[in-house]
Amino acid sequence: MSDIVFSSWGRNVVDNRNGGDADLASLKLKLPTEYLNGKVGAFMGWDGVVLLDGETDVVAMAAEYMKRVQEKHCCGKCTPGKKGTRVMQDTLARILQGHGEERDLEILESLKSLLEGCKCTLCMTSAIPVLDTIQYFRDDYMAYIRGGKKPKLAASYHDKLTAPCMDRCPAHIDIPAYIEEIKNYRFEESLSVIRERMPIAAVCGRVCPHPCETACRRALVDEPVSIMVMKRVASDHEWMHHKTPPMIPNAPTGKKVMVVGAGPAGLTCAFYLALQGHKVKIIDMLSEPGGTVAVGIPDYRMPRPLLQREADVVASLGVEIEYGVKLGRDISLKEIKEQYDAVFLGTGAFKSKPMGVEGEDAGYEGFSEGGIHYLRAVALGQGMVTPKRVVVVGGGNTAIDCVRVALREGAEESILVYRRTRNEMPAESYEVDDAEEENVRFEFLVNPTRLVTENNKITGVEVIKMALGEPDESGRRRPQPVEGSEYVIPCDMVIPAIGQDPDLSYLGDADYGIQQTRWNSIVTHGGTMMTDNEGVFAGGDCEYGAMTVVLAVGHGKRAASVMHRYLTDGQAVLDDEEALEDIVNRLGVFDDNEQVPVLGGLHREHQPKIDGAERATNYGEIELAMPESQAVVEADRCLRCYRVAMVAVEK
Amino acid sequence: MSHKGEKSMVNLTIDGQQVQVEQGQTIIAAAEKLGIKIPTMCYLKKVSTTGACRVCLVDVEGVGAPVTACNTVATEGIVVTTTGEELVKKRKDMIRLMLVNHPLDCPVCDAAGECDLQDICFEHGILDQPFTAEDVAAGKITDWPLIENVPSRCVLCEKCVKVGHELTGIGDFTVVERGDMAYIGRKPGNDIDPYIEGNAVEVCPVGAMISKPFKHSARSWTLDKVPSIGFAGGSLEQVDLNVKQDKLFRITSQDDATINNGLLGFDSSFGYGFVNSDKRLLSASVNGEEVAMAEALKIVAAKAGELGGSAVAGLSSARLTVEENYLFQKLFRTAFKSNNIDSEARFGMLRASETLNQVLGLRGASAAAEQIAGADAVLVFGSDITSEQPQINYLIQKAYRQNDASLLVANMRKVRIAKESHCFLNYAPGSEVALVSALTKLIVDNGQADEAFLKQYVKNSADVKKALAKVDVAKTAEACGVDAALIVEVAERLGSAENVAIVFGGDVTKSANCEETVKALANLAMVSGALGCESGGLYPVDEKPNMQGLLDAGVAAEYLPGYVACTEAGMTAQQILEGIESGAVKMLYVAGTNPLVSYPESARWKAALEKVELLVVQDILASELTEMANVVLPAAAYSEKSGTYIACDHRAGVLTKAVAPKGASQSDKAIFAQLFETVTGKTQTLCNEKILAEMAGSCELFSAVGLTGSRYLASCSKKAYAPAAAALTFSDCGDGAAANGLTLIAGKMHAHTGVTSTYAAGALEIAPEGYIEISSGDADNLGVSDGAVVTVKSAQGTAQGKARVSSYLPQGVLFAPYHFAELNIQQIMPAGANYTSVELTK
């Protein structure tokens, strides 16, 4: 039997009430049938209704949905939203109480078109599932209106406010809210919204790959809103006005937590645990905060004094940070477990992947262990001497950072070698442009085959030309060597920058029962970020493999939230908000085929930028702060694409 | 609302008509240009777009649904239709939704007759209501000071929220609650000096924001609106006096038509009530006996004649018009043959003016106030600008928010504008000169000085470095109690800004270090380019409306009108005081000022005044001073007379007589003229233009005399400041006197101006009495609790008042507002100072 009774999701109506076999899988609806400890009866949201349990009362659900939209989510800042959803709520409640009239259904229908004139899509889209129920479950409504029918409430209802951008953001920041605050010249309030989900806005306002912007509905009419830069604007406002952050931690709980790693995941986790009143200590193997952000992202993209300020803010909440302490070397996980009530591992991915080229482990002078090592040595001033000609191998952000840093370290020629074309480069395209403006030389469709040495010293790298073949599992066309096309690029240094893996050697042979993946990353369960070892949580690059700062922040936040429950109730479980966050995320919120009825034609505002020749010689920040008045103009482009989802859970 | 850079133009079509607007403009603005009116409830041109009411829906070709004209930016080539059956139906439904549960209390609603909701319903013929819902509106909020909020009438247009946050920087209104329960609430604010945003009432399209002083006092349509200017703050906002049957009911302003774009200061919103006070002087009196004005004037004339010359002295006021002050000095100099005239400017603005003239050849501001709005950096030094001159504050807010200017605030107290600033230099009393000099030195050392200006205009430009050599930034930082890095940052921001505006106020002009600080500020202005830039300048400000005009009119012993040196000997205020004490001065004529409250050493003044043979007090309100007076002359209030006020930036505004003088009171001008005629037997014209022309003929101050403007007039124009080559002096500044121990600052608080506001119910609702503000640190150390009565004692005397424990003061600093006769903080202030060392006891 089908798991779907009825669905109007995506305007695609499937009605199995009188038989039929369309199911979730055939509809490509990634909706779970279970919710925490119950069964999903029905799901209601911006794109329709999905009924999984025929016993679920859709009229009662619609009434509850509209009540929550009006009383919990509607901001009240536009007439149809404020008043129209109230009229809908009361009308539905009246019908449910048996006092409705058929005329009420017409009123509800007429309100849908008024709600299309709403200021944002929250109330506007909330009418869609309700009107679907009126259209497809009219008999149920008429049963109430004629009298006699009693509402059958579900065991529980759970709702969630989302938006395509906030859903796509791994940290699930309430993006429309913080952008609206900027639009209203309320920069401090904007930062407070960001800080509900992310403590390091100065970082993610600068170096985030901003997946959110790929789910921006504004892009469907012109260009995506500059969501990332808005975050920097809010964060810079506080810094530039010498404001003290307003957060005040809760009363001490008496619980102690150790966070390993002062990178984005660790800082985030510590921040939220400290706010809950837990006593947190962070240890880090480096001499300063930020992890990969500090030593892997050059200062011209992420000035370290600002990173330090973010860590200072975390410390100001009572978090102790001790540098130069390495897990597995200076302290063991066993010792930590004995002394602390919970542990968070945010140890990053600091091991460079090998190129698979002969001689790379021979210890040649001029051969760098990896991009991340090169960047770290330069950042920490560890006496790294950069010679005249440098070849960096790889197409990611680290490779780009390496070629650009090499120029700043005195290289006369800095060459990036990549086996595919520019289009396939995983690095941000603007960074590739930036590197080009700074006179980095690119050699595309070539792959190293051999290191050329003289007296144990690198003198060049032999490469072979590549041609693009059939697409691989990543969807990119697979490069294949062109036989006999080898040639040598003379150079004094070769830096492979083709990826990093976590270094989990600290787990040692004992492994503490913590499962690892075949990519040497830590396994956690069910979105709780808890490992197989109870009380030990993990997140960021060490859990996922080398990924983004914002993912690490998302992990750190989620872990802190679950750890708080673990520390206070002994249960490492998700709450409703998080469970629904994951459900909605699987379902997907952004629809890139949507016809957005908004006038486009407004270009996206850009930050001023230092020009290529001027910047290539120093580590001064390249992108200058966007003037606040310009940020207000940009923020006004936001369409506030809120949506409300609700699930009815039956026992 | 635009960042810098040239704006390109876009072309669009609205209802078949072509129009071109600047990029970034909305459809509604483009329609307005064509004279097409699109109905709206929430659109307010002067704030950022809101898009709340959803009434202004229009169709744009190719867009799937109607869009709101008020917040949709026009793009090239769009074709817009503003009318049509569907659109009108939708608009009407939006209005109907707005009316769901809107109370039908129009008959008792203050907005009736000027309500946008009434108008829009009427225009659209809304006669039915298909929608019903439970009424969940929050109850009426009556416990705010001065404003009553009626959420059930509110359409949540957010105009009040935005005008406060975006234009005045003061408002604390915000939307609270969700859904249909949402309403306008207030964020917790400064409870020491709570500011209620009167502009919220001005911009409210319905009767949600109601002014308590005005509530239920008059129907809007019965009020005449008489164009005039504000009566407080030397930036002279253009306002409409709303009057009926010879009574002032309220003051409003208009967007677009006024230089202040409809924005009011606190006094205009709530502080005007003193003109209707039952303490108004309604008749002349001699030794307590009511007499006719002419009778009283005869006695004054006779005594002046009897005593003759130097035994007669007079004090005038910055509340009086230019013409009145001109006649005042003329009366003394030509009729009484006395040159003993002065004013409270002696203790403040005159000193600043003298210093500016000495080093810059400048009297007052160097440029028009509007220039502040275009500045790239604004330094507000020693001024609680929000309180002293609201309109200057609004221009600073404009520079800050719309021009991305650096906002730099230096003050002894954490004044209201400090919370918005990029950098706040909370300097210790007595460290002003050192602080300004350090900023100047840093700019010079950074190579950011305006060399071209220095070279051309400063005669000793070669000495700049030498004069600054002794300045030690680290030591200064220590003396100021300010982080050196912050001083460096402020210098960097000032130095790198192309357009710099420097505003300074009463904390500087009234201080013991006034002259040295003003010299230092003049140095900073020259070096930072404030005097040479396109959009900026140096702005001394004062709370009194006609401080500049008072000085221009020659009310000072050493100056005839227009700063022409007076060769006759004459006494300054301080010399008059001493003269009374020594018996040399036997008759004192006080017009529109009260030395018993507003002059430093007020207790000494009181003792002296007991000795005067004839004390003549010409004022609008009864006070301890009129009680002491032998002759009381009732004067007309500002709404009852006409004349010129000259703003701090030299703009001449015209005060319009909107109502008849109360009782037997007469304008100060008429009183002076009659007295002049009585003494000299000559006639004195009362025509403002003729008086101004007479004044202009005797000096070089004016470029033109004569009424200009349409609704809001100007009566003359002054010559613009234009320094000659090598005419300015870079000063080698001293250190200024440092303060020791616990220091009490006397100053203005926002709800009050001078002493008259203590007769205004609106101002008294915010601050009914004086208080002594004390930091929580000092309060803890001294065991003082909030509200406890404390005594402060200085070398001059003691004063007693209630303590207010505050987070706006650094430790070691106390503050007391000077307006209140009962607290009378000026009795402990030395002459020519606004702070003094005190002992505080419980």
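The values are calculated or read from the model by the stated rules, or taken from the named source; none is laboratory data. In this text the structure is predicted, and so the values were computed from the model without any measurement. With ideal geometry, Cβ positions are generated from the backbone for all residues, glycine too; neighbour counts draw on all protein chains shown.
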Write out, first by first residue and then by second, each pair whose Cβ atoms fall under 9 Å of each other, whose residues are 6+ apart or on separate chains, and whose first residue, in segment B:140-158, is at positive phi while the second is part of a strand (DSSP E or B) and crowded, with 18+ Cβ neighbours inside 10 Å.
B:L146/B:S211; B:L156/B:Y183; B:L156/B:I184; B:E158/B:F173; B:E158/B:I184
Scan segment B:639-657 and tell me whether some residue there is in a helix (DSSP H, G or I) and over 26 Å from the mean Cα position of the chain (by Cα).
no
So, B:P130, is that one more than 29 Å from B:M209 (Cβ to Cβ) and assigned by TED's automatic domain parsing to the domain that holds B:K225 or not?
yes
The lone exception for A:E614 - which of (1) in contact (Cβ under 8 Å) with a residue 40 or more places away in the chain; (2) away from chain B (no Cβ under 14 Å); (3) closer than 30 Å to A:D299 by Cα it fails:
(1)
Looking at B:A434, B:A449, B:A479, which one is at pLDDT below 95, surrounded by 15 or more Cβ atoms within 10 Å (Cβ to Cβ) and of a type outside the set (D, E)?
B:A479
Kindly check whether there is at least one residue in segment B:828-835 that is modelled with pLDDT of 95 or more and either in a strand (DSSP E or B) or β-branched (V, I, T) (or both).
yes
Among the numbered conditions (1) of a type in the set (A, V, I, L, M, F, W, C); (2) closer than 26 Å to A:A177 by Cβ; (3) within 14 Å of another protein chain (Cβ to nearest Cβ), tell me where B:V203 comes up short.
(3)
Residue in segment B:36-48 that is in contact with a Phe, Trp or Tyr (Cβ under 8 Å, 6 or more places away or on another chain) and facing another protein chain (nearest Cβ under 10 Å) present:
yes
Could you please let me know if B:A530 is of a type in the set (A, V, I, L, M) and outside any helix (DSSP H, G or I)?
yes
Pick from segment B:69-88 the residues that are more than 8 Å from every other protein chain (Cβ to nearest Cβ) and touching a Phe, Trp or Tyr at 6+ places or on another chain (Cβ under 9 Å): which of them is nearest to A:N184 (Cα to Cα)?
B:C70
Select from segment B:49-67 the residues that are within 8 Å of another protein chain (Cβ to nearest Cβ), over 41 Å from the mean Cα position of the chain (by Cα) and either farther than 23 Å from B:E123 by Cα or hydroxyl-bearing (S, T, Y) (or both) and list them in ascending order.
B:V60, B:V63, B:G64, B:A65
Residue that is surrounded by the fewest Cβ atoms within 10 Å (Cβ to Cβ) [pool: residues in segment A:126-158 that are of a type in the set (A, V, I, L, M) and over 20 Å from A:E71 (Cα atoms)]
A:A155
Hey, any hits in segment B:579-589 for a residue that's closer than 24 Å to B:N834 by Cβ, touching a strand residue (DSSP E or B) at 6+ places or on another chain (Cβ under 9 Å) and of a type in the set (F, W, Y)?
no
Please determine whether any residue of segment B:134-146 is under 28 Å from A:L111 (Cβ atoms), away from chain A (no Cβ under 12 Å) and at pLDDT 95 or above.
yes
Scanning for something surrounded by fewer than 23 Cβ atoms within 10 Å (Cβ to Cβ), within 32 Å of the chain's Cα centre (by Cα), part of a helix (DSSP H, G or I) and facing chain B (nearest Cβ under 9 Å), does segment A:100-111 turn up at least one residue?
no
Mind listing whichever residues of segment B:793-823 are touching a Gly at 6+ places or on another chain (Cβ under 8 Å) and either surrounded by fewer than 19 Cβ atoms within 10 Å (Cβ to Cβ) or of a type outside the set (G, A, S) (or both)?
B:K802, B:R804, B:P810, B:Q811, B:G812, B:F815, B:P817, B:Y818, B:H819, B:F820, B:E822, B:L823
Cβ pairs under 7 Å, 6+ apart or interchain, first in segment A:446-462 and outside any strand (DSSP E or B), second surrounded by fewer than 21 Cβ atoms within 10 Å (Cβ to Cβ), ordered by first then second residue, are A:N456/A:Y364; A:N456/A:E365
So which of B:G265, B:G179 ends up being under 27 Å from B:S48 (Cα atoms), away from every other protein chain (no Cβ under 14 Å) and surrounded by 23 or more Cβ atoms within 10 Å (Cβ to Cβ)?
B:G265
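Here is a yes/no grid of residues against (1) in a loop (DSSP other than H, G, I, E, B); (2) touching a residue at least 60 places away in the same chain (Cβ under 8 Å):
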| position | (1), (2) |
| --- | --- |
| B:P213 | yes, yes |
| B:P227 | no, yes |
| B:G233 | yes, yes |
| B:N242 | no, no |
| B:L264 | yes, yes |
So B:E498 passes all but one of these: (1) in contact with a Cys (Cβ under 9 Å, 6 or more places away or on another chain); (2) closer than 26 Å to B:R413 by Cα; (3) outside any helix (DSSP H, G or I). Which condition number does it fail?
(2)
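Residues checked against (1) assigned to a strand (DSSP E or B); (2) basic (K, R); (3) in contact with a Ser or Thr (Cβ under 6 Å, 6 or more places away or on another chain):
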site	(1), (2), (3)
A:I372	no, no, yes
A:R376	no, yes, no
A:Q382	no, no, no
A:V392	yes, no, no
A:A399	no, no, no
A:V403	no, no, yes
Tell me the residue from A:T85, A:T33 that is within 14 Å of chain B (Cβ to nearest Cβ) and under 33 Å from the mean Cα position of the chain (by Cα), please.
A:T85
Consider B:A737 against the criteria (1) of a type in the set (G, A, S); (2) under 26 Å from the mean Cα position of the chain (by Cα); (3) over 18 Å from B:K842 (Cα atoms): it satisfies all of them except one. Which criterion is unmet?
(2)
Residue pairs meeting the criteria (Cβ under 8 Å; at least 6 apart or on separate chains; first facing chain B (nearest Cβ under 9 Å) and without any contact (Cβ under 8 Å) to a residue 24 or more places away in the chain, in segment A:617-636; second outside any loop (DSSP other than H, G, I, E, B) and buried (at least 17 other Cβ atoms within 10 Å of the Cβ))
A:S629/B:R401; A:S629/B:Q402
Applying the selection to segment B:764-798, what residues are under 27 Å from B:A831 (Cβ atoms) and in a helix (DSSP H, G or I)?
B:D778
Which residues, taken from segment B:658-686, are surrounded by fewer than 20 Cβ atoms within 10 Å (Cβ to Cβ), among the charged types (D, E, K, R) and in a loop (DSSP other than H, G, I, E, B)?
B:K682
Only one of A:K152, A:K160 is touching a strand residue (DSSP E or B) at 6+ places or on another chain (Cβ under 6 Å), farther than 29 Å from A:P298 by Cβ and more than 14 Å from chain B (Cβ to nearest Cβ), namely A:K160
Here is a list: A:I179, A:I200, A:I194. Which entry is within 21 Å of the chain's Cα centre (by Cα) and closer than 30 Å to B:E76 by Cβ?
A:I179
